[in-house]
Amino acid sequence: MGLPWLESLGGIAHAAEVGKEPRRLLLVCLPLGIYREAFVPKKSGSDYELTDYLAPLKDLRDHFTVISGLEHLGVGGGHAAQARIFTGIPSAERNRRSLDQHVAATLGRRTRFDTLTLSAGANDFSWTDSGSMAPPEKNAIDAFTKLFVEEGSANKEKVLREIGRGKSILDHVFDEAREMQNRLSKRDQEKLEEYFESVRATEKRLVKSEEWMHSPKPKIDARSPKSFAPDEIISNLRTVCDLSHLAIKTDSTRVITFGYFRQDTVAVPGVNIGYHNLSHHGQEGGNIAQLKRIESAFFAELKTLLTNLKETREGDATLLDRTTILVTSNLGNGSSHSNKDLPVLLAGGRFQHGEHLAFEPSTVPLSNLFVSVLHQLGLEDQSFGTSTGPLKGLGIG
């Protein structure tokens, strides 16, 4: 293992640990946008009329909040902004740690997997400290196997040996690096110290992996899903939602991200034009009707996921009470590629739901909502991305 030529960023220490109650985060991005007229209510407050997309969620009305007018200040580029949807880092800067990875630094200590990144067609939303994308699980069978299938004894011994070798290598790196530290310039010493932080984080992950290797994986009454078919966007989405529910239910992870996307044709009844082309509907009625069929399928699956979480009890609460779900898009208007006035649906957790919070566009950062999410999860961070504080009007119960 060589020493770095470039600076590496270490983990961020939080001021407070999360309490005993399990709290979880699910982040969802629809990178082609959400047709506004079918999603955002015309009226703000609690007595708004449910829109076409929200109508299926009527029984869950007290468990979600619609938010409009937010954006990531300094983030543009149309589709290119999707990589920054959960980081909030301005386009002129190098991208870095996303909300899920930030939360996982604390919540991930308590589960087998720090995070789970799933793809129903796209997921470049999860980013590490150093600005590297966390690769998603693109194959449903691989994701299922990772979560629930036990490794054979021979494979388990092999993995343990590899972990053991890794730990020995880290010890060797520390010894050699410390010897040369006094001969380095101040700038290089700072680089080396950052590298040590990265190495220490790796060692913690290796130790954690070794501990979990001796613990049996959860036993579940569910069949392994079929592999994703590119155009079967509804079944892909359903599989991702089911895997998310199972992962949360078994406490295999407490932080999940997934994306919903298909560039070309999709197997949705009544749709014969590519999804991306439909997102550029140009206010043409036929295109909008087909686009709404695709997006309505998402909200139908979202309803099933939220209902499953609500009906699954965990101690004195439900999984929905203990899981914050944030659905958004990097496009406020898919047809014009606008990155302003982003659509947001916040569900679950301990928030005081039931309203449409409408903000004046281009005045409030989406990252303010991220700060509120962090507080609801028990973290005390006062800023994230370009935030100016917690989101006003969003209460925490």
*Setting aside same-chain residues fewer than 8 positions from Lys217, which aspartates and glutamates have a Cα under 17 Å from its Cα?*
Asp114, Asp142, Glu150, Glu151, Glu157, Asp251
*In degrees between 0 and 90, to the nearest 10, how far off the longest principal axis of the chain does helix 233-249 point, with axes built from Cα atoms?*
50
*If each residue's Cβ is checked for other Cβ atoms within 10 Å, how do Trp212, Trp127 rank with the fewest at the top?*
Trp212, Trp127
*Just need the relative contact order of the chain here, percent rounded to a whole number, with Cα pairs under 8 Å and 6+ apart.*
33
_To test your reading of the geometry: what angle, between 0 and 90 degrees and rounded to tens, separates the Cα axis of helix 285-311 from the longest principal axis of the chain?_
60
*With 20 Å as the limit, write out which pairs from Lys219/Lys303; Lys146/Lys219; Lys20/Lys146; Lys219/Lys249; Lys146/Lys208 have Cα-Cα distances beyond it, or answer none.*
Lys219/Lys303; Lys20/Lys146
*Which cross-chain or sequence-distant (5 or more) residues have an amide H under 5 Å from the amide H of Arg322, H modelled 1.01 Å from N in plane?*
Gly349
*Measure off 7 Å from each Cα along the Cα-to-Cβ vector at Thr388 and Lys158, then give the distance between these two points in nanometres to one decimal.*
5.6
*Please list, or write none, the aspartates and glutamates whose alpha carbon is within less than 13 Å of the alpha carbon of Lys43, excluding same-chain residues fewer than 8 places away.*
Glu355
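My understanding is that a pair violates if its Cα-Cα distance is over 20 Å; which of Lys58/Lys392; Lys58/Lys292; Lys42/Lys292 do that in this structure? Don't skip to the answer; put the middle values down first.
Details: Lys58/Lys392 25 Å; Lys58/Lys292 18 Å; Lys42/Lys292 18 Å.
Correct reply: Lys58/Lys392.
The numbers here are math on the coordinates, done by the rules we state, and not lab data. In this text the structure is predicted, and so the values were computed from the model without any measurement. Counting neighbours? That spans all protein chains shown, and the Cβs are built from the backbone with ideal geometry, glycine included.
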